[in-house]
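Q: Structure in structure tokens, see below.
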Amino acid sequence: MASIVNTQLSDGTFFGLGHPMLDVSTHVSNEFLQRLKEIFTNGNYHLNYNAGGSTQNTLRTINWLLDRPNITVCMGCIGNDESGKILEEQMENCLYQKTSDSPTATCLILITEQARSMITDLGAANRFTIDYLNKSENWLYVERAKLFYIPGYFVRTCPEAVFKLARHAANTKKIFALNLSAEYICQKFGDILMQLLPFIDFLFGNEQMKNNTNDDILPIARELQKLLIKNTKTCVIVTHGADPIILASNHGVKVFAVKRLSKIVDTIGCGDAFVGGFLAYWSLDGSIDECINAACYCAYECLSQTECQFTNKPLFNQTERFCELEDSC
């Protein structure tokens, strides 16, 4: 990764706004899911406590791939509790708003050989206010940043903050990236998303972009990209698990086949890691195709471990392909 070593990126280049969350995970058997109440009462399972949430997962991926812990800044709201303390210990460069009215957001993750089950309590994450973003000492980090990332989840929490960052990015010619995140975000907050489209450089999504199961995602991606009018390099990137990736840009539509992993350990944070890999490589002036390959590498590595933690060193090399161009039109 010589290009990363030779590229000068300042601390705080990436700014993320989202829901800080503590993931509490454990591996369980299928029998556990059948006897959940009884086992919770009498069982003895080892629990892992890790910083989670879509934005933190994406920023952690960027830190890992670029090997720069201070290159990202994350903002969100946590509670004045033990879970919040764990997040502060595990995460670097986080500007956490704190509240005593709600507990820190948590997500209980039960992992089996075949799948995962999650129960989420957003708690304090829903308490974020634009007043905290507007504080002069916090806004300095916004002015310093060159790329902003927000998941669709946050649109329902504090749309005022989302639009303020989007307008700042447009006025200062910085990058603004948004992830549609979930189907209910598209359904319930579609009007807000449509208003945001002119401010977006990179729009990420997956199957939630379909109106129904029979829709062809390719023309939807193409039409969405036409609404990204900010500059000539805007694009829509659509993933669908191990199925091909669709990239819609001003140059047309490309379809990339994804390299399959022989054994998947865990799917938690895979989509977040994909976004992180893409944005990280974009900051190195990589081509869109190179960014897609880097994104696939990060998703591939995430699938090989439990949660989006990246305890190993990155070994990414563009000569190794984690996706292949399948079609272009």
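Q: What is the distance, in nm, between label points placed 7 Å from the Cα along the Cα-to-Cβ direction at Glu88 and at Leu325?
A: Once both label points are built, they end up 5.0 nm from each other.
Q: Work out the FRET efficiency for Lys233 and Asp121 from their Cβ-Cβ distance, taking R0 = 35 Å, and round it to the nearest 0.05. Before the final figure, lay out the partial values.
A: Details: r = 39 Å, r/R0 = 1.11.
According to the calculation, E is roughly 0.35.
Q: When the chain is modelled as a GNM with alpha-carbon springs shorter than 10 Å, which of Val236, Val162, Val255 fluctuates the most?
A: Of Val236, Val162, Val255, the most mobile in the Gaussian network model is Val255.
Q: So how much slack lies between Glu183 and Thr112, counting 0.36 nm per residue of separation and subtracting their Cα-Cα distance, in nm? Before the final figure, lay out the partial values.
A: On the way: separation 71, 0.36 × 71 = 25.56 nm, distance 2.45 nm.
Result: 23.1 nm gained on full extension.
Q: Just by accessible area at a 1.4 angstrom probe, what is the order of Met91, Met194 from largest to smallest? Write out the running numbers ahead of the final one.
A: Numbers: Met91 30, Met194 110 Å².
Most to least solvent-accessible, the answer reads Met194, Met91.
Q: A follow-up question, please. If contacts are Cα pairs under 8 angstrom and at least 6 residues apart, what is the relative contact order of the chain in percent? Before the final figure, lay out each step's value.
A: Working: 660 pairs, mean separation 52.5, N = 329.
The value is 16 percent.
Q: How big is the convex hull of the Cα atoms of the stretch 129-179, per residue, in Å³?
A: On the way: hull volume 3.2 nm³, N = 51.
Output value, Cα hull per residue: 63 Å³.
Q: Enter the Cα centre distance for the pair the stretch 114-167 and the stretch 239-280, rounded to the nearest angstrom.
A: The stretch 114-167 and the stretch 239-280 have Cα centres spaced 24 Å from each other.
Q: Please work out the Cα convex hull volume for the stretch 177-329 and give it in Å³ per residue.
A: Numbers: hull volume 18.3 nm³, N = 153.
Taking only Cα atoms, the stretch 177-329 has a hull volume of 119 Å³ per residue.
Q: Is the shape of the chain rounded, prolate or oblate, going by the alpha carbon gyration tensor and its root eigenvalues a ≥ b ≥ c, with a/c under 1.5 for rounded and a/b larger than b/c for prolate? Write down the numbers at each step before the final one.
A: Working: a/c = 1.41, a/b = 1.15, b/c = 1.22.
Verdict is rounded for the chain.
Q: With unit charges on the beta carbon (Lys/Arg positive, Asp/Glu negative), name the residue among Tyr153, Leu196, Ala280 whose Cα is farthest towards the positive pole of the charge dipole of the chain.
A: It is Leu196, whose Cα lies furthest towards the positive end.
Q: Also, I was wondering about something else. Which ³J(HN,Hα) values, rounded to whole Hz and listed in residue order, are derived for the stretch 122-139 from phi using the Karplus coefficients 6.51, -1.76 and 1.60 in 6.51 cos²θ - 1.76 cosθ + 1.60 with θ = phi - 60°, glycine and proline given as x?
A: Each residue of the stretch 122-139 in turn: 5, x, 5, 4, 7, 9, 4, 10, 5, 4, 5, 5, 6, 4, 4, 5, 7, 5 Hz.
Q: List the residues, sorted by chain then number, that are 5 or more residues from Gly52 or on another chain and whose placed amide H is less than 5 Å from its amide H.
A: Met21, Leu22, Asp23
The values are calculated or read from the model by the stated rules, or taken from the named source; none is laboratory data. A quick note: this is a predicted structure, and the numbers were derived from the prediction, not measured. Every residue, glycine among them, receives a Cβ derived from its backbone with ideal geometry; neighbour counts consider all protein chains shown. These accessible areas exclude ligands, DNA and RNA; they are computed on the full protein's heavy atoms, side chains included. Shrake-Rupley method; radii C 1.70, N 1.55, O 1.52, S 1.80 Å.
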